[in-house]
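In what follows, a structure is listed as structure tokens, so that the remarks can point back to it.
Derivation of every value follows stated rules applied to the coordinates shown; laboratory data play no part. Quantities reported herein were computed from a predicted structural model and do not represent experimental measurements. Quick reminder, even Gly has a Cβ in these numbers, built from the backbone with ideal geometry, and neighbours come from all protein chains shown.
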Amino acid sequence: MPEIRILVDADACPVKEEIYRVALRLAVPVVVVSNSRMRIPEHPLVSRMIVSDSFDAADDWIAENCDQASVVITADILLADRCLKAGGTVLAHNGKPFTTASIGSAVATRAIMADLRAGGDIIGGPAPFSKADRSRFLSALDEALVRLARSARAAPL
């Protein structure tokens, strides 16, 4: 099994500091993927990947580099779908996991909402990010990394 790592869809990620904290505590590498340079901690476990500013460049890089040892952090439903198909573990910023069982309905809901917006309907966006979301995310990330580490130890050589 490849080395466990966290891939962050970073451009609009509100939990980067939480990701660094958990990753450094558990000694898990983090790759921060974005279209522009952003501050990251100076630590050997944290690196950045700056991609072109073309549409979906960050998503494409993450999807192409995702594998069964990757935990992907994103709110992008279509990226989550691609990463699940690659065998990755995917978490939204609020700690909600994207799973193979839930991704189909999430993609369908996204399409319906896009059609409603295109038709001029005024619909609400996501709820504001809260302390409870941050706490749920921390717990979900820790749990996902521990689960992957256990699986890696149990895998035959």
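Filter the stretch 32-61 for residues that are among the polar types (S, T, N, Q) and touching a residue at least 12 places away in the same chain (Cβ under 8 Å); which is surrounded by the most Cβ atoms within 10 Å (Cβ to Cβ)? The extreme case among them is Ser34. Of the strands (runs of 3 or more DSSP E) entirely within the stretch 3-101, those holding at least 3 residues that are more than 21 Å from Val146 (Cα to Cα) occupy 46-50.
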